[in-house]
Amino acid sequence: MTYSFSSDIKRALAAKGFLFAIAGMVLMIAVASINAISSIQGVQANGFHAQLILSALTSDDVTLVLPILCTLPFAVAFVDDIKSGFIKQYLPRSGVSAYIKSKILASGISGGLVLVAGLFIAYGVSALVFTPMEAALEPDQTAQPYFAEILTKTLTLFLSGAFWSLTGFTLASMTMSRYMAYASPFVMYYVLIILHERYFADFYVLYPKEWLAVSEPWVMQNLGVWVQLLLLSVVISLLFGMTAKRRLENV
């Protein structure tokens, strides 16, 4: 299990898709911040660099591409293993159970990491560029906990990325289509938004935009969001496990 996971996570992190996804995350945060940046005049409020990133994270520009970016590192791995025939050499060494578990972990972790890495790079650039433009705190002022808020968003972003990556990974394995790996999370994301905004306004727990910008009365607030995303990831992982076992019986 350890060897299989190590091999798969290295494969995911070394893939071009991992770097492209990080770059895409940074780019979309920049795009979402263009209006705020273009209106800068004079000295900015203390913490402006963090507010800029927090605002971008909940924008439509960023939230719309998240389900696509997180699938780039690893979502097609199972399909590629089957179609290339690589699975025939690899499976006898790893075993079916270890193979499935390592694929699930690598898909979820890589999907979450690309979003988190992109966020921290964007935050670092924002801090370097805009902190010198910010006003210093007055002696009686206390710094706002913006970084703590960003860390909270980081965990939500990681779990969200893991879920969308596993969704693309699982649906690709069910259809044996590379295109489904990239398209299905976006389609599901868009369907969930339409269902909420047009038909079920009170059913906000499956509204993807709500996950990153909690505005409704969740049980345990952010912790409730994290638990739900974790449970959704477990469900989709179990679905992949059942699908993979059936496919691997014929290998």
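Read-outs: derived from the displayed coordinates by stated rules, not from any lab. Note that the coordinates shown come from a computational prediction; the quantities given were computed from them, not determined experimentally. Please note: Cβ atoms are built from the backbone with ideal geometry, for glycine as well, and neighbour counts cover all protein chains shown.
Residues being assigned to a helix (DSSP H, G or I) and closer than 21 Å to ALA23 by Cβ: count how many of those fall in region 74-107.
Here the count works out to 3.
Can you work out which of the residues in region 165-194 that are of a type in the set (S, T, N, Q) and part of a helix (DSSP H, G or I) is surrounded by the fewest Cβ atoms within 10 Å (Cβ to Cβ)?
So, considering only residues that are of a type in the set (S, T, N, Q) and part of a helix (DSSP H, G or I), the one surrounded by the fewest Cβ atoms within 10 Å (Cβ to Cβ) is THR175.
So which residues in region 215-251 are buried (at least 16 other Cβ atoms within 10 Å of the Cβ) and free of Cβ contacts under 8 Å to residues at least 40 places away in the same chain, if there are any at all?
TRP218, GLN228
Every residue in region 192-248 that is under 17 Å from THR167 (Cβ atoms) and among the polar types (S, T, N, Q), please.
GLN228, SER233, SER237, THR243
Conditions: (1) surrounded by 18 or more Cβ atoms within 10 Å (Cβ to Cβ); (2) closer than 29 Å to THR170 by Cβ. ASP60 meets all but one. Number of the miss?
If we test ASP60 against (1) surrounded by 18 or more Cβ atoms within 10 Å (Cβ to Cβ); (2) closer than 29 Å to THR170 by Cβ, just (1) comes out false.
Return yes when LEU223 is of a type in the set (A, V, I, L, M) and assigned to a loop (DSSP other than H, G, I, E, B) and no when it is not.
No.
Could you give every pair whose Cβ atoms fall below 7 Å, whose first residue belongs to region 144-157 and is farther than 15 Å from ALA213 by Cα, and whose second residue is of a type outside the set (A, V, I, L, M), counting only separations of at least 6 or pairs across chains?
GLN144/GLY47
Looking at LYS88, LYS101, can you tell me which residue is within 20 Å of MET242 (Cα to Cα), among the basic types (Lys, Arg), in contact (Cβ under 8 Å) with a residue 24 or more places away in the chain and surrounded by fewer than 18 Cβ atoms within 10 Å (Cβ to Cβ)?
Answer to the check: LYS88.
Out of (1) of a type in the set (Val, Ile, Thr); (2) under 14 Å from the mean Cα position of the chain (by Cα); (3) assigned to a helix (DSSP H, G or I), the odd one out for VAL31 is which?
Status for VAL31: all satisfied but (2).
Which one is nearest to GLY112 (Cα to Cα) among residues in region 27-43 that are surrounded by fewer than 18 Cβ atoms within 10 Å (Cβ to Cβ) and touching a residue at least 40 places away in the same chain (Cβ under 8 Å)?
ALA30
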